[in-house]
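The values are calculated or read from the model by the stated rules, or taken from the named source; none is laboratory data. Note that the structure is a prediction, hence the values are computed from the model and not measured. Methodologically, a virtual Cβ is constructed for each residue, glycine included, from the backbone with ideal geometry; neighbour enumeration extends over all protein chains shown. Surface areas here come from the heavy atoms of the whole protein model, side chains and all, with no ligands, DNA or RNA. Shrake-Rupley method; radii C 1.70, N 1.55, O 1.52, S 1.80 Å.
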Amino acid sequence: MAGTNGFSVSGYGPRRRGLWSQLSARDSMVRRLDWPLLFSAIALSFVGSLLVWSATRGRTELNQGDPYYFLFRHALNTGIGFALMIGTIWLGHRTLRGAVPVLYGLSVVLVLLVLTPLGATINGAHAWIVIGGGFSLQPSEFVKITIILGMAMMLAARVDAGDQVHPDHRTVAKSLGLAVLPIAIVMLMPDLGSVMVMAVIVLGVLLASGASNRWILGLIGAGVIGGVLVTALGLLDEYQINRFAAFANPELDPAGVGYNTNQARIAIGSGGLTGTGLFKGSQTTGQFVPEQQTDFVFTVAGEELGFLGAGLILLLLGIVLWRACRIARETTELYGTIVAAGIIAWFAFQSFENVGMTLGIMPVAGLPLPFVSYGGTSMFAVWIAIGLLQSIRVQRPITA
C-alpha cells in the first residue's frame with residue numbers, strides 16, 4: 001500500500017529500487033564482458049592442465065608419488081588466477097590507475113628481495129622467492145603488469161585530460177625511467193627471458209601511446225647496442241651464452257644444452273596430424289624432454305594431440321590476442337588503449353618465444369606458455385591481465 005508521497009507505507013520502496021538498479025548494473029556488466037576472450041583463456045588453462053598432468057603423472061621424483069600432484073596444483077593456480085581476474089574487474093582499471101605508485105613500489109621491493117638471501121635459483125635463473133610448503137614466487141611476472149600500468153598512467157595523463165594530442169618527449173622519458181629500474185634489477189638476477197618480454201612491452205606501450213617514432217627507433221638501436229655490450233662484457237651467465245650458441249649452431253651443442261631442443265623437435269615431429277593420444281606419447285612418458293610441464297609444455301601437445309591439437313592451442317591464443325586488439329581499438333581513453341596494447345605485446349611475444357624455442361626457430365629463454373604452462377605466479381599474472389582487459393571493455397561508453 002502506497003502513502004501520499006508515492007512511496008510504500010513500509011518505507012522500502014526506494015531501497016528496493018536501489019537494489020534493482022544495482023542488480024541491473026551488475027547484469028549489464030556481465031553482458032558487456034568479452035566472452036570469447038574469457039572462454040578462450042579458460043579453454044587454454046583446461047588444456048594446459050591435461051598437458052601438465054600427462055607430463056608429470058609418471059615423474060615420481062617430482063610429484064612425491066602422487067600422479068595428481070601437479071594436476072591439482074595447476075587447477076588451484078588457475079582458480080586463484082580466476083579469482084584475481086574477478087577482483088581486478090571489480091576494482092576496475094581506473095581505480096588501479098590511482099594505486100599504481102603503491103603497486104609499482106611493491107613490485108620493485110619484491111624483485112629486490114630476490115637479490116637477497118631470500119632469493120632462490122631455479123633452472124639457472126636466480127629469480128624466485130621460496131615461500132615454503134613447495135610454493136615459490138617469481139616477482140618479475142608482476143613487474144610486467146606494473147610496467148604496463150605505470151607507463152600507461154604517465155603517458156596518458158595529459159592526453160586523456162585534453163591538454164595534449166600525444167605525450168611529449170619529457171613524459172616519454174619519465175615513463176622510460178619508470179620501466180628501466182625494475183628491468184635493470186631483473187637483469188641482475190639474471191632473468192634474460194623476462195627482460196626480453198619487458199622490453200617488448202615497453203615498445204608496445206610506446207607505439208600505442210602515439211609517442212614520436214624517434215623514441216621507437218632509438219630504443220631499438222639502444223637494445224642492439226646493449227645486447228652487444230652485455231655479451232662483450234661477459235654479463236651473461238655461461239648457460240645463457242650456451243643457449244644462444246646452440247640456437248645459432250645446433251651442431252655445437254655446448255654443455256649439452258642443445259639436447260632440450262633436439263628432443264622437443266623429436267616429440268613434436270612424432271605427433272603427426274592427430275597425435276599419439278593423451279598419455280601415450282613415448283617422448284613424454286619416457287621423460288626425454290626436460291621441463292616439459294613448464295617451458296616445454298607445447299611439446300606434449302605436439303606429440304600427444306598432434307598438429308590439430310597444437311593448432312587448437314595456437315588458435316585459442318590467437319582469439320585472446322584478437323579480442324585484446326578489439327578492446328584496445330574500441331576504448332575511448334588512451335590509458336585503456338595503452339594498457340591493452342602492453343598486454344597484447346606481452347602475450348604475443350611470450351607465446352611466440354615459447355612455441356618458437358620448441359620448434360628450434362627461437363633460442364631457449366625459459367618463458368612459460370601463457371595459461372598453459374605450470375607455474376603459479378605466471379598464471380596469476382596472465383589472469384590479472386585478462387581482468388584488466390575485461391575492465392577496459394566493461395567500463396567503456398556504451399556508444400563506443
Please report the accessible area of Val228 (heavy atoms, 1.4 Å probe, ligands and nucleic acids excluded) in Å², nearest 10.
90
What number does segment 326-399 give for Rg over Rh if you use C-alpha atoms and the Kirkwood radius?
1.07
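Quick one: plug the Kirkwood hydrodynamic radius of segment 253-400 (C-alpha pairs) into Stokes-Einstein at 10 °C, 1.306 mPa s, and report D in µm²/s. Let's see the in-between values first.
Numbers: Rh = 16.4 Å.
D = 97 µm²/s.
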Find how many whole Å separate the alpha carbon centroid of segment 319-382 from the alpha carbon centroid of segment 177-192.
19
Using a 1.4 Å probe on the protein chains only, how many percent of the accessible area of segment 321-400 belongs to carbon and sulfur?
66
How do Glu61, Glu304 rank by accessible surface area computed with a 1.4 Å probe, from largest to smallest?
Glu61, Glu304
Largest-first ordering by accessible area, 1.4 Å probe, given options Arg57, Arg32, Arg158:
Arg158, Arg57, Arg32
About its Cα centre, what dipole magnitude does segment 39-197 give when the only charges are +1 on Lys and Arg Cβ and -1 on Asp and Glu Cβ, stated in debye to the nearest 20?
140
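How do Trp215, Trp322 rank by accessible surface area computed with a 1.4 Å probe, from largest to smallest?
Details: Trp215 70, Trp322 135 Å².
Final ranking, largest accessible area leading: Trp322, Trp215.
Over segment 131-234, with the other protein chains present, what is the accessible area per residue in square angstrom, probe 1.4 angstrom?
Numbers: 4630 Å² over 104 residues.
Here the residues of segment 131-234 average 44 Å² of exposed surface.
What do you get when you divide the Cα radius of gyration of segment 24-98 by 2.2 N^0.38 Å, with N the number of residues? Intermediate results must be reported in sequence, preceding the final value.
Details: Rg = 16.8 Å, N = 75, 2.2 N^0.38 = 11.3 Å.
After normalising by residue count via 2.2 N^0.38 Å, the value is 1.48.
Please report the net charge: other residues with Cβ closer than 13 Å to the Cβ of Val289, K and R +1, D and E -1.
Working: positive: Arg59, Arg265; negative: Glu291, Asp295, Glu303, Glu304.
So the environment of Val289 carries a net charge of -2.
Net charge near Phe380, counting Lys/Arg +1 and Asp/Glu -1 over other residues with Cβ under 14 Å of its Cβ? Walk me through the numbers before you get to the answer.
Details: positive: Arg73, Lys144; negative: Glu141.
Within the 14 Å Cβ shell, the charges total +1.
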